[in-house]
Structure formats: C-alpha cells, structure tokens
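What follows draws every value from the coordinates through simple rules; no lab data is involved. Quick caveat: nothing in here was measured; it's all calculated off a predicted structure. When we count neighbours, we look across all protein chains shown, and the Cβ atoms used for this are built from the backbone with ideal geometry, even at glycine.
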C-alpha cells in the first residue's frame, strides 16, 4: 500500500512540474515573440477607410446640386469646360465604359461614382498634379486615381475620337476657305507647326534618340490648327531630335490628298485659278505648292504687308498650342509616365477635349459669324467641289503625279506672288 501511494504521488508531482514548466516556456516564448515583433519594421496598411460615400456627397454639394457651393465660373475654371459638356462626357463614359459604372462591393457598399472618377481624371489632366493630390477631397487613393485617368483617356478616345479628331469634311473645308478668303488668303485651310513635350522619365536607352539641344528628351507633336483654335491634324510620337522637315517626311498630313480621299478645292488669286489648298508655315518648311511662308526681309510695301498678314494668320497654330497647354497642365509639365503609348493617349485625349471645348465655346470668341460666312460665300472665290468623288481608287501613277504637284516649287512661287498682289489690293487702302 505504501509503495502504491508513493508512485501516485510521484506521478502527480511530475505532472504538476510539467505543467509549470510548459507554462513558463510559453510565457518566455510569447515575450520573446513580442520583442521580435516590436523590432520588425511596420508594414504598409493594406486598407484605409476613406469614406468614399462622403467624397461623392461633398463633390455633389459643391458643384452638381440645385444650389451648388461654387459658381459656374468656378466650375469652368477648375474643370476647364462648362458643366453641360462635362455632364455629357460623364453620361457617355458611364453608359459605354464599364469602369465608370458604379457597382457594389462584396459588403454591399457602393463603389466610387462616375462623377468622382471623371473629376479625379480631369483634375490630374488640368492641373498636372500627382495621383494622390485628390485623395483628401474625392477620397480616392493614388492607385485608383491613376486607373481613373488611364480609363478616362482611353474612354475619351474611344467615345469621341472619331468625331473630334478627324479630317475636315467638305462642309468644314468650305468654312475654312471662307475664313481664309476674308483674311486675305484664298485657298488657305490652316497653319501647321510642331510642339515639343518634355519626357522626364524617358528610358535611359532612348535618351540619346529623344534629347535635343536643350539637353532634355522630348516628344514632338505636329498639328494643323484653324482660326477658331480647332486642331484638325495631330501627329504625335517622333523623337525630339527630329526637326520639322524630318517630321513632315513621316507625317500622314497629305495622305488623304495622295490617296484621292480629299475633296477638290478651287479658288482664284490675282486672276489665276488654283486647285490645291495650302497651309501657312514658318521658314523651315520647304517651298512646296501646299506651303506658304512669310518673306524674311521684305524690301517693299507690298512684301511688308504680305509678311505682316501671313505672320498674323500663321500664329493660329501657336495660339492653339498655348491654349492646349494652358487648359491641360499635364502637357505643359514634363511627362512623368515611362510608357510612350500612355503618353500618346494622354496627348490625343487632351486634343479631343480641347476640340470639344472649342465647339462648345466657339461662338463666344470667334471673329466671324454666320452672316459673314454667307456674304463671303456669295462674293468670294474659294469653293469646294462637292461633285468630286473621294471614293475613286488611286493607283501608284496617280499618287506620284499628285506628290509631284504637292511639291511643285514653280507653283509655290507663282501662288506666293499672286497672294502678295491680292493682299495689297485687298488691304492697302487700310494702311493709310
């Protein structure tokens, strides 16, 4: 009996000792783990509760309610466009692009609204700010803001590109010819020039190809603009080391004429008839029948008057570049994106938005009204041949003949001489 009770006592003591030992080891390991955890670097928070519903309500009360906090003038200044035009863009994108359609998450909460997403994109384009600059107001994080801008740019190109970044129709050409006739340049359909956009994050392997004399890599935009600042042609992507002539060799600006898709233009200058429209340019462009430059050192009153009028009209494209950069600071500031395709989409989207704003506000600043158009159409000499078929297939022989006619230096000299006489006849009496 004594032996049996001693064995039970020993087992009980061993079990109690094991329990105490295990408890002490656990306490030591836990404290050691806490010390190790305290020395580890803190990880970035994966989720931040931004209260996105509050951001939508604040945005709605500030700009879109019946009695908004800020006026229409302030809306125009901050969104770069009038409210009806912005709402048209939001409605179109939310109807055709799935990214801008509001959905519920797994918990049943509404996601970001189309107004929040479009506003974030517009603010980044208009102010050229960082992706997280709209976080406190719109409650959208930096990653989501970048997605908003990328989808917004793609959506603008998809929904509005065919309408607002297109070649002039016959009606558009007739209007451009009438305006050119009023300004003293019959047959003139716009002015052409190039603009450089600095590329800050250009890949190192490409910097030599894109860096010009300024020492900074740039990407070039070639554009054709009219008097109302509408951009009719945009060719973006050549490296900054190319000059205007090299870019012209790559540009598709004359493709429609070469392939027989452009309507025929007829006009009379100083008694001579011409059938090819032209652009006003600066001195670097070649002396082709489709380009008219100024006179560098005019030696007569006629030449001085022509140079004055030509340089004044040629500034249309310079004004268009200036307004485009003023409206969208992301183009004025160095491009931070490393992907050239995304940079090109941003440029095209900004040009499309620019043309949409021009169409919406053109009547407020244009110098020519419908009455002047009608008067010029009845008295002017510039005409678009509406009977000319643009569906005729063009073969290689026709294309080479047209190319030769585009680059005819003799026709260039004759047209320039006739324009000097025409402008002197039209405007000389106003010089005295």
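Here are the numbers:
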item: Cα shape, the stretch 95-152, gyration tensor, a/c 1.5 rule; result: oblate
item: Ranked 135, 162, criterion: other C-beta atoms within 10 Å, fewest first; result: 162, 135
item: Inter-label distance, nm, simple model (7 Å from Cα along the C-beta direction), residue 245/residue 88; result: 4.3
item: Packing-based exposure ordering (other Cβ within 10 Å, fewest first) of 402, 69, 281; result: 69, 402, 281
item: Rounded FRET efficiency, nearest 0.05, which uses the C-beta distance separating residue 105 from residue 71 and R0 of 45 Å; result: 0.80
item: Estimated Rh, the stretch 182-274: Kirkwood, alpha-carbon pairs, angstrom; result: 15.5
item: Segment residue 204-residue 398, extension gain: residue separation times 0.36 nm, minus the distance between their alpha carbons; result: 65.4 nm
item: Footprinting exposure proxy for 427, 47 (fewest neighbouring C-beta atoms within 10 Å first); result: 47, 427
item: Estimated distance in nm for a label pair at residue 318 and residue 299, the labels positioned 7 Å out from Cα along Cα-to-Cβ; result: 2.6
item: Prolate/oblate/rounded label for the stretch 170-431 (Cα gyration tensor, a/c 1.5); result: prolate
item: Length added when fully stretched, residue 162-residue 428, from 0.36 nm per residue minus Cα-Cα; result: 91.5 nm
item: Prolate/oblate/rounded label for the stretch 52-164 (Cα gyration tensor, a/c 1.5); result: rounded
item: Sequence ranges 341-349, 290-298, ranked by mean other-Cβ count within 10 angstrom, highest first; result: 341-349, 290-298
